[in-house]
Amino acid sequence: MSGSGTQDPTTRGHMAGHTTGRIDDTTLVREAQRGNRAAFEELVRHYDQAVLRLALHLTGSESDAQDVYQDAFLKAYKSIGNFRFECTFYTWIYRIVTNLCLDQLRKRQVRKEDAPVAKDSEGEEYDVLSQVPDGRAAANPERDLMRRELGGRINRALEKLTPRERMVFELKHYQGLKLRTVGEILNTTEETAKNTLFRATQKLRGALGDMR
Amino acid sequence: MKCEWVRENILLFVYNELPDDARYELEQHVARCGDCAGELKATRVFHATLSSLPVEEPTPNLLTASRMRLQEALETTEQGGLWQKLTFDPWAWLRQMRFSPALSAALLIVGFAAGIGTMYSIVGSRSSSTPQIAESTPSSSPAQASISGIRSIIQEPGSDKVSIKYDATTTQQTEGSINDQRIQQLLLFAARNNYNSGVRMDSVDLLTQKPDDTRVREALLYALRYDSNPGVRLKALDGLSSYVKDDVRVRDTLLEALMNDSNAGVRTRALQLLEPVRADSSVRAVLQRLAQDDKNVYIRSQARTLLAQLPEID
């Protein structure tokens, strides 16, 4: 189970505690709206690991992921008084995070960055796949090299998607969310999310077709 | 037309987004149509290829550093929204009511009272202890943001006393009953965040003594889904076993483990625990898939045995 986020779960939500956690969230949100900072911090702890995981996988950079994390939760803290329980807190916080990540992806497109490498929190570049712990790597360097090349090709293919396509694909394929949830997070319908996923997959198959 | 419909929905099938009846129809068609079976296989291979790009969990250091940075920022950040409505610019309200003296007076009184009440609420919440949510004071109630790691968890044999060593700015130790709020907080933290798998296993083991607690059940579900150590995932499975029948979330997470866990022992145990609910439609669908094409001989055989015990669906 570790190492790959592509669980393809037969489940109604990828995050543990999503359904019954809503009861706890309601109480915590109301407390946070009354100015209880500890309640807000508890809310943060319910979701921050998933938020950081999403930001890290999308941005490929620890420092960028930390910035998204910081901006998202500060924004949530400042505007939690406006939260009216029209959706779950989970959906709300994911909306904030995905919007921030979309901004990042759009900026990268404008700069036409090709980022086959990522940066760590000290600004040093590294190959994303080189961070994957693999006890067998020493025994099979050829396979390790093939895996890195494959990872690089997949990353380059993902960069050819529009920011929205990339986001839908990330949330569905790598984070394992249901299309209905993806639609709620991106403030659109499940049908639109589905069509965006189809487009993204077709583009990826076009870019990686010779790997079949 | 049928093939066309199938090809339009193959992607949704692979992503498990089809309703049960559509899923069943597609499976029936693919069993008879070679072309569509080939397309399904190609889509599955492509799906698996894309999945080879790993989704890394943030390291404990990254998570802790992010939390600490956020906590520092929260110290100097003000909330907006509801607070501003209660306490911000009462003169704007009065300007709207300048032609209604009685209402203006009433609003002034109400605004003044609301301001006093708000201040009382602020002072009250800051000075009182918060029994439900722990404050960040290392000597009494350790909060997660001040903890950089859990060093050890030791339960006194034959009692419910637990001794936990954790790092804040210096190594500290606390003792208390397993039912103690702060002990529970530390155990929950250790189950998710500790870099030492032995400590995570100890904490999950202790948490299984109280799986009725919603937070504990969430921690066990998290450990089953995300922990890198199969021993920890097995412990979490055992702790969740009594909830498979009544809690759909637990059932779904077990199905996920059965389908995707990298450890055969974890998968086998998940299959055993799902046996009492094998008639559930989601469980049945997973068993059908495993019975057809799972690579593990034992799991394939067990799935077939369980399916054979089920009545046919009309």
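The values are calculated or read from the model by the stated rules, or taken from the named source; none is laboratory data. These numbers come from a predicted model, not from an experiment. Note: ideal-geometry Cβ built from the backbone for every residue, glycine included; neighbour counts use all protein chains shown.
Points to keep in mind about this one:
- Selection within segment A:45-67 - assigned to a helix (DSSP H, G or I), under 11 Å from the mean Cα position of the chain (by Cα) and more than 8 Å from chain B (Cβ to nearest Cβ): A:ALA50, A:VAL51, A:LEU54, A:ALA55, A:LEU58, A:THR59
- For segment A:177-207, taking the residues that are acidic (Asp, Glu) and more than 16 Å from the chain's Cα centre (by Cα), the one that is farthest from the other protein chains (Cβ to nearest Cβ) is identified as A:GLU191.
- Single condition A:LEU161 does not satisfy, out of (1) part of a helix (DSSP H, G or I); (2) modelled with pLDDT of 75 or more: (1)
- The set of residues in segment B:1-48 being among the acidic types (Asp, Glu) and without any contact (Cβ under 8 Å) to a residue 24 or more places away in the chain consists of B:GLU4, B:GLU8, B:GLU17, B:ASP21, B:GLU25.
- Residues of segment B:214-234 that turn out to be among the charged types (D, E, K, R) and either in the same structural domain as B:SER203 (by TED's automatic domain parsing) or touching a residue at least 40 places away in the same chain (Cβ under 8 Å) (or both), as a count: 0
- Filter result (more than 7 Å from every other protein chain (Cβ to nearest Cβ), touching a Ser or Thr at 6+ places or on another chain (Cβ under 8 Å) and modelled with pLDDT of 50 or more) within segment A:1-33: A:ASP25
- Every residue from segment B:191-229 that is assigned to a helix (DSSP H, G or I), away from chain A (no Cβ under 14 Å) and out of contact with any Phe, Trp or Tyr (no Cβ under 9 Å at 6 or more places or on another chain): B:GLY198, B:VAL199, B:MET201, B:ASP202, B:ASP205, B:LEU206
- Residues of segment B:253-262 that turn out to be surrounded by fewer than 21 Cβ atoms within 10 Å (Cβ to Cβ) and in contact with a Lys or Arg (Cβ under 7 Å, 6 or more places away or on another chain), as a count: 0
- Test result for B:ARG284, in contact with a helix residue (DSSP H, G or I) (Cβ under 7 Å, 6 or more places away or on another chain), surrounded by 15 or more Cβ atoms within 10 Å (Cβ to Cβ) and not hydrophobic (A, V, I, L, M, F, W, C): no
- Subset of segment B:235-285 [in a helix (DSSP H, G or I) and either in contact with a Gly (Cβ under 7 Å, 6 or more places away or on another chain) or without any contact (Cβ under 8 Å) to a residue 24 or more places away in the chain (or both)]: B:VAL248, B:ASN260, B:GLN272
- Note on segment B:42-55: residues that are crowded, with 19+ Cβ neighbours inside 10 Å and at the interface with chain A (Cβ under 7 Å from one of its Cβ atoms) total 5.
- Pairs, first at the interface with chain B (Cβ under 10 Å from one of its Cβ atoms) in segment A:133-152, second at pLDDT below 70 and assigned to a helix (DSSP H, G or I), C-beta under 9 Å, six or more apart: A:ARG147/A:LEU129; A:LEU150/A:LEU129; A:LEU150/A:MET211; A:GLY151/A:VAL128; A:GLY151/A:LEU129; A:GLY152/A:VAL128; A:GLY152/A:LEU129
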